[in-house]
Amino acid sequence: VPPAAAAGEVAALRERARQLSYCGPVVLVPAEAPAAEDAARWGDVLLELPCRFGPVPATEANVIAEWLNSGALAVVVDGPIDKIFELHGQLPRDRLIAVVDDLLQLTRGQVERLATCVGGVVVKLKQDAGIHDIVEHGLTCWEELGGFFPNGFSFLLDSSVGTATDRADLVGQLHHLNGSDHPIHVECDSVRIQHDKDDGEDDFDGIALADALVACLKTDRPDGLFATVVTDEHGVALGLVYSSESSLHASLCCGRGVYWSRSRNALWRKGDTSGAFQELVSIAFDCDADAVRFCVRQRGEPASFCHQGWRTCWGPDTGLAHLCRTLEDRKRNAPEGSYTKRLFDDRALLRNKLLEEAQEVIEAVEENDPKHVAEEVADLAYFLFTACAAGGATLEDVTNVLDLRSRKVKRRPGNAKEHRIKAAEAALDSINNANDQGKAAAESEPAPPPAPAPAADV
């Protein structure tokens, strides 16, 4: 990560990071001594992709804080162990990861103290050693000290150990050390999506992500397939399919949902026939590494996973997801007389309804009636997400911003803004006056004469 990259360089780095993030968080490695002001320049990348940053010297607490505040999932810190100890209580422990040259050289007391300062460690594995010795070193580190960092124990694998195939297999062996998930920390420049063996490439320095992913998986099925749950970004299950080694490679390479069709005994790239394709967000596997989860963005018209036209194989959407997708559809294809279309076209009406419904939520809360509160919040949610769609944002965009803000380590006071309060009160007064005048005008009009009785049939 260069501190002040040109727009084209940022775009290229973002695309590379996006591809690597298919299999987990990406580590952004500073090309120079990291500075606090660099973090804001990468805010859009941190909003869009799961990223860690580092290493940062443990003495640079302000730099660490700025990257955490800008949305980095975690910051990797290094330096003398006593300097890492000084971070205790300054920053969220669970978002700090310490680089340790040789964990086995630390005393048990030092490891216990380190575990109170950081939530994870990156253990540098032996270099210039055979695969067996590296695995044994990793196993010893895990058995003796892994219990102090059960959810944040990582290995740093040198990109020159053995061949590309050896390194991918090594990732799998390390992953299965204790039958659970041990993330493998590797430098970005040593990773690529695929080892192009079919193009005559014998070897390269680094790790092929597709090969490493397959090496971590296991199956007891005679056909060698992996049960695969497909979900959207909110964790809603869209369907159940099967993956093969070749389909996993294909999906990582093209960035789409690609599976294995058991009926056709061939690759199945979702959407090639129906048009309902999927953008790949991430691939993960369960705690036993024998089942896969694809997280995707379902696209197409309609954006359906099921062959029956539903978005999921368990029926239509519900809740906020259903509301937001309906609003997006109304924006493009509103039927005649649609109230939602009227809101899209009349921004003044939309603004006034937002003010009205917000006030009604406040009044319902003061009544302390949960049912009424839920009803008024539902009304407000309709107008809020209509405004969201009118402004070109999606529920996924809102969720991303909420997640980013939850990672901030610096908080504003959050006091009410007086000028906003006054503006809202004035607007509400204007709306109420207009409503009162409308009622008065309706009441002052004479009642229409009664309709004449119908003539009798002759």
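The values are calculated or read from the model by the stated rules, or taken from the named source; none is laboratory data. All values reported here derive from a predicted model rather than from experimental measurement. Using ideal geometry, Cβ is built from the backbone for each residue, glycine included, and neighbour counts are taken over all protein chains shown. Surface areas here come from the heavy atoms of the whole protein model, side chains and all, with no ligands, DNA or RNA. Shrake-Rupley method; radii C 1.70, N 1.55, O 1.52, S 1.80 Å.
If I filter the stretch 112-131 down to residues being aliphatic (A, V, I, L, M) and out of contact with any strand residue (DSSP E or B) (no Cβ under 9 Å at 6 or more places or on another chain), which single residue comes out as modelled with the lowest pLDDT?
Going through the qualifying residues, I end up with Ala129.
Considering only the stretch 324-369, state which residues are open to solvent by less than 80 Å² (accessible area, probe 1.4 Å), closer than 26 Å to Thr399 by Cα and among the polar types (S, T, N, Q).
The answer is Thr326, Thr340, Asn352, Gln359.
In the stretch 233-288, which residues are under 22 Å from the mean Cα position of the chain (by Cα), charged (D, E, K, R) and farther than 19 Å from Pro302 by Cα?
Selection gives Asp286 alone.
Out of all the residues in the stretch 370-393, which are open to solvent by less than 40 Å² (accessible area, probe 1.4 Å), under 25 Å from the mean Cα position of the chain (by Cα) and in contact (Cβ under 8 Å) with a residue 24 or more places away in the chain?
Passing the criteria: Ala381, Phe385, Thr386, Ala387, Cys388, Ala389, Ala390.
Given Leu177, Leu170, which one is modelled with pLDDT under 90, within 23 Å of Asp290 (Cα to Cα) and part of a loop (DSSP other than H, G, I, E, B)?
Just a single option satisfies the conditions, and that option is Leu177.
Can you tell me which of Leu49, Leu13 is of a type in the set (A, V, I, L, M), touching a helix residue (DSSP H, G or I) at 6+ places or on another chain (Cβ under 6 Å) and either surrounded by 15 or more Cβ atoms within 10 Å (Cβ to Cβ) or free of Cβ contacts under 8 Å to residues at least 24 places away in the same chain (or both)?
Leu49
Would you point out the residue of the stretch 291-317, among those that are modelled with pLDDT of 90 or more and open to solvent by 70 Å² or more (accessible area, probe 1.4 Å), that is nearest to Leu225 (Cα to Cα)?
Looking at the filtered set, the residue picked out is Arg293.
Of the residues Ala61, Ala39, only one is open to solvent by less than 60 Å² (accessible area, probe 1.4 Å), in contact with a helix residue (DSSP H, G or I) (Cβ under 7 Å, 6 or more places away or on another chain) and of a type in the set (Gly, Ala, Ser); which?
It is Ala39.
Can you find a residue in the stretch 404-423 that is at pLDDT 95 or above, more than 30 Å from Ile64 (Cα to Cα), open to solvent by 60 Å² or more (accessible area, probe 1.4 Å) and part of a helix (DSSP H, G or I)?
no
Any residue in the stretch 265-279 that's in contact (Cβ under 8 Å) with a residue 40 or more places away in the chain: show its pairings with residues that are open to solvent by less than 40 Å² (accessible area, probe 1.4 Å) and in a strand (DSSP E or B) at Cβ separation under 9 Å, as long as the two are six or more apart or on different chains.
Gln278/Val230; Gln278/Leu238; Gln278/Val258; Gln278/Phe294; Gln278/Val296; Gln278/Gln298
For the stretch 255-266, what are the residues that are assigned to a strand (DSSP E or B) and over 15 Å from Ala227 (Cα atoms)?
Selection gives Arg256, Ala266.
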